[in-house]
Structures are given as structure tokens and as C-alpha cells.
1. Looking only at residues in the stretch 188-211 that are in contact (Cβ under 8 Å) with a residue 12 or more places away in the chain and farther than 14 Å from Asn128 by Cβ, which one is surrounded by the most Cβ atoms within 10 Å (Cβ to Cβ)?
2. Determine whether the stretch 101-119 contains at least one residue that is at pLDDT below 80, buried (at least 17 other Cβ atoms within 10 Å of the Cβ), of a type in the set (Gly, Ala, Ser) and not in a loop (DSSP other than H, G, I, E, B).
3. If you check Asp77 against the conditions, is it acidic (Asp, Glu) and at pLDDT 85 or above?
4. Would the stretch 73-90 turn up any residue that is surrounded by fewer than 17 Cβ atoms within 10 Å (Cβ to Cβ), touching a residue at least 12 places away in the same chain (Cβ under 8 Å), closer than 20 Å to Leu118 by Cβ and touching a Lys or Arg at 6+ places or on another chain (Cβ under 7 Å)?
5. Return the residues of the stretch 30-56 that are charged (D, E, K, R), in contact with a helix residue (DSSP H, G or I) (Cβ under 7 Å, 6 or more places away or on another chain) and without any contact (Cβ under 8 Å) to a residue 60 or more places away in the chain; say none if nothing qualifies.
6. Is the stretch 52-71 home to any residue that is at pLDDT below 85 and among the basic types (Lys, Arg)?
Amino acid sequence: MSIRVALVDDQALFRAGVRMLVESQPDLDVVGEAGDGVAAIALAATERPDVILMDVRMPLADGIAATERILADADRDGRTAPRVLVLTTFDLDENAARAIRAGASGFVLKDADPEFLLAAIRTVHQGNQVIAASATRALFAHVGTAPAGRPAPAAWSELTPREREIFALAARGLSNSEIAASEYLSEATVKTHVSRILAKLGLRDRVQLVVFAYEHELRSAE
């Protein structure tokens with residue numbers, strides 16, 4: 001079964017290019033387009049896409065507000081929520097982090113390689129998260145600027161020393177298998193640690209963990 005993709009961007013030419021790329025793949029199918037946040041909310045309700053490529057800056061309602069509403073509507077109706085993949089640029093300031101907090105599954109640059117964008121669609125559809133490395137550097141230049149000595153959140157004290165070590169590695173973007181190899185643990189053990197960390201910190205996924213780490217300057221296990 002094809003992955004149902006919706007395109008949301010206020011630039012028609014950009015949408016046309018992405019549509020051509022997506023529809024060139026046998027396992028992907030574009031089910032609709034929208035040029036603003038309000039239209040995106042309606043599109044998500046009627047077409048029920050699996051993945052939405054969501055621009056941030058749009059008229060009527062921005063991509064962050066649209067993402068929040070789409071996910072809330074799905075939760076209210078008891079249906080599976082679409083995965084939202086935010087399309088970002090280098091000058092988005094903190095918007096990429098805000099989109100993650102709103103429920104997006106990740107973000108990629110608008111000028112990303114076509115292969116990366118296609119892989120990102122498939123990755124979020126599988127329930128995983130995506131952060132473009134170059135976008136991450138730009139994002140953290142803005143959200144990772146907490147003053148030195150800023151107190152850690154109260155929930156941080158609930159993590160064990162071992163969980164803080166795993167947290168630090170996950171915040172650097174290491175996968176479960178990479179953490180397992182580094183710490184001489186099984187992948188199952190790492191997965192358990194990560195799940196407990198997310199639960200204690202009230203985070204949805206590893207993308208939120210990365211943003212959390214940089215917002216609170218928790219970049220190491222100390």
C-alpha cells in the first residue's frame with residue numbers, strides 16, 4: 001500500500017516540484033495540496049494522509065498552529081494522526097523547535113537532496129524521527145543559548161546517572177545500536193533506558209529529547 005502524502009506550502013511552484021518528486025516513487029502517492037494552514041487542517045481531515053510535508057511560514061495559520069490542530073483533531077476523533085515533517089530554512093530561528101514541541105516528527109531543509117527528502121518521508125511514516133543535520137546546527141545556534149549555570153529542569157533530577165549517560169549520547173544523535181556499541185549494552189537495554197528517560201522528562205520522542213537537551217544546555221552527562 002502506498003504512503004499517502006499531503007503537501008502544504010504557500011508557494012505553488014515549490015509544491016509542484018515536490019509533487020513531481022514524490023509521485024515518481026512507486027510507494028508514495030500525493031493525495032492533496034494546501035497553500036495555507038487553514039486549508040491544511042481541512043485537507044488533513046478529508047484526505048487523512050499518512051505524512052504531511054508542512055511549511056512553517058504561511059498565511060491564515062502557520063505550520064505550527066496547523067500541526068497542533070491537525071494532531072488534536074485526530075486525537076479527538078480517535079483516529080491515527082498523520083506524521084508531520086516540517087520543511088524549514090536556515091533563517092527560521094526557533095520555529096523548528098516550536099514545531100517539534102507542537103508534535104511534528106522532524107524537519108528537513110527545503111533545499112535538501114531529493115533522496116534525503118524521500119527517505120525522510122518513509123522514515124517518519126515508520127514511526128521514527130528525522131532531523132536534518134545542517135538544520136540542527138542552525139536551530140541550536142538559537143535554542144542552545146541558555147545562560148551558563150542555568151538550573152536543570154526538576155525532572156532532570158529523576159534520571160539515574162546511567163540514564164544521564166544514555167541521555168547525553170542520544171542528545172548527540174546516536175542511534176540505539178550506536179549507543180549499545182559505545183556502552184557495551186544490548187540494543188534492548190538501550191531502548192528500555194531511552195523509554196524511561198522520555199517518560200521521566202515528559203518527552204514524546206528522540207527529536208524532542210534533542211531539542212530539550214539544547215534548550216537546557218544538557219549536552220553532557222555531568
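The values are calculated or read from the model by the stated rules, or taken from the named source; none is laboratory data. In this text, all values refer to a predicted model and were calculated from it rather than measured experimentally. Note: ideal-geometry Cβ built from the backbone for every residue, glycine included; neighbour counts use all protein chains shown.
1. Out of the qualifying residues, it is Val211.
2. Yes: one or more hits.
3. No, not satisfied.
4. Yes: one or more hits.
5. Correct list: Glu33, Asp55.
6. Looking for residues that are at pLDDT below 85 and among the basic types (Lys, Arg), one finds at least one in the stretch 52-71, hence yes.
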